[in-house]
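The values are calculated or read from the model by the stated rules, or taken from the named source; none is laboratory data. Bear in mind the structure is a predicted one, so any value in this text is a computation, not a measurement. When we count neighbours, we look across all protein chains shown, and the Cβ atoms used for this are built from the backbone with ideal geometry, even at glycine. For accessibility, only protein heavy atoms count, side chains too; no ligands or nucleic acids. Shrake-Rupley method; radii C 1.70, N 1.55, O 1.52, S 1.80 Å.
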Amino acid sequence: MSTRHNRWSVLATLFSALLIASCSTGDPGRVTRNDPYPYWKKGAGAAEAAGFMKIQVPSGATEVKGAVQVNPQEDSYILTFRTDSATAAQIAKDLRSEDPPAPWKSSSSPKRELFRHLGLAEPQTLKAPLRASVCPPCVEDDRRRKVAWMEIYIENLSSEQARVYLHAF
């Protein structure tokens with residue numbers, strides 16, 4: 001009786017282990033359909049994005065929009081506004097990128113849609129926007145030491161007007 005009981009115990013234990021293993025994803029970092037990330041932080045807008053980026057939205061800027069996308073490891077901050085072309089160029093210069101903004105030609109669609117949340121096209125999909133990027137700690141920008149990466153895209157709307165797109169995390 002004890003041998004028969006032991007076999008049933010072993011089989012029951014094996015069955016339970018297989019059942020538990022089949023329910024596990026094997027990858028605790030995997031995002032599932034029920035995972036809440038990413039999501040847009042309610043009430044967070046241009047002020048929060050500009051504050052994180054340490055960007056002063058120019059006086060006279062119009063169509064100012066911003067948002068914060070919450071992610072498991074690092075949040076994404078986006079900010080956009082319309083301003084004069086000279087001011088847009090000065091904002092890009094203030095990022096202290098090692099390379100000045102240059103025409104961006106992307107042959108692929110963006111990996112994430114951020115600016116669509118604000119009702120705008122993704123800057124990577126625009127026709128030849130100017131782009132620059134920077135790692136603020138790498139260029140010793142102490143103002144932005146909590147920012148790991150920043151990108152700026154400048155869409156020339158006319159000879160005098162531009163739309164600035166900023167993304168940081």
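Of the strands (runs of 3 or more DSSP E) lying entirely inside the stretch 92-169, the ones with 2 or more residues being of a type outside the set (A, V, I, L, M), more than 16 Å from residue 65 (Cβ to Cβ) and in contact with a strand residue (DSSP E or B) (Cβ under 6 Å, 6 or more places away or on another chain) are found at 130-134, 150-156. Just one of the numbered conditions (1) more than 20 Å from residue 51 (Cβ to Cβ); (2) open to solvent by less than 50 Å² (accessible area, probe 1.4 Å) is not true of residue 78; which one? Only one criterion in (1) more than 20 Å from residue 51 (Cβ to Cβ); (2) open to solvent by less than 50 Å² (accessible area, probe 1.4 Å) is unmet by residue 78, namely (1). Residue pairs whose Cβ atoms lie under 7 Å apart, separated by 6 or more positions or on different chains, with the first residue in the stretch 74-103 and touching a residue at least 60 places away in the same chain (Cβ under 8 Å) and the second open to solvent by 80 Å² or more (accessible area, probe 1.4 Å) and assigned to a strand (DSSP E or B), are 81/63; 82/63; 85/156. Residue 88 meets each of the listed conditions (1) modelled with pLDDT of 95 or more; (2) assigned to a loop (DSSP other than H, G, I, E, B); (3) more than 21 Å from residue 148 (Cβ to Cβ) apart from (2). Restricted to the stretch 56-71, and to residues there that are open to solvent by 20 Å² or more (accessible area, probe 1.4 Å), out of contact with any Pro (no Cβ under 8 Å at 6 or more places or on another chain) and not hydrophobic (A, V, I, L, M, F, W, C), the residue that is nearest to residue 146 (Cα to Cα) is 56.
Let's see how each residue does on (1) hydrophobic (A, V, I, L, M, F, W, C); (2) closer than 22 Å to residue 46 by Cα; (3) more than 19 Å from the chain's Cα centre (by Cα):
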{"residue": "57", "(1), (2), (3)": "yes, yes, yes"}
{"residue": "64", "(1), (2), (3)": "yes, yes, no"}
{"residue": "71", "(1), (2), (3)": "no, yes, no"}
{"residue": "82", "(1), (2), (3)": "no, yes, yes"}
{"residue": "116", "(1), (2), (3)": "no, yes, no"}
{"residue": "124", "(1), (2), (3)": "no, yes, no"}
{"residue": "131", "(1), (2), (3)": "no, yes, no"}
{"residue": "143", "(1), (2), (3)": "no, yes, yes"}
{"residue": "168", "(1), (2), (3)": "yes, yes, no"}
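Tally the residues that are among the charged types (D, E, K, R), more than 16 Å from the chain's Cα centre (by Cα) and surrounded by 15 or more Cβ atoms within 10 Å (Cβ to Cβ), restricting the search to the stretch 145-161. First the steps, then the outcome.
Start the filter on the stretch 145-161 by keeping residues that are among the charged types (D, E, K, R), which leaves 145-146, 151, 155, 160.
With the extra rule that they be more than 16 Å from the chain's Cα centre (by Cα), the set shrinks to 145, 155, 160.
Next cut, surrounded by 15 or more Cβ atoms within 10 Å (Cβ to Cβ) only: 155.
Number of matching residues: 1.
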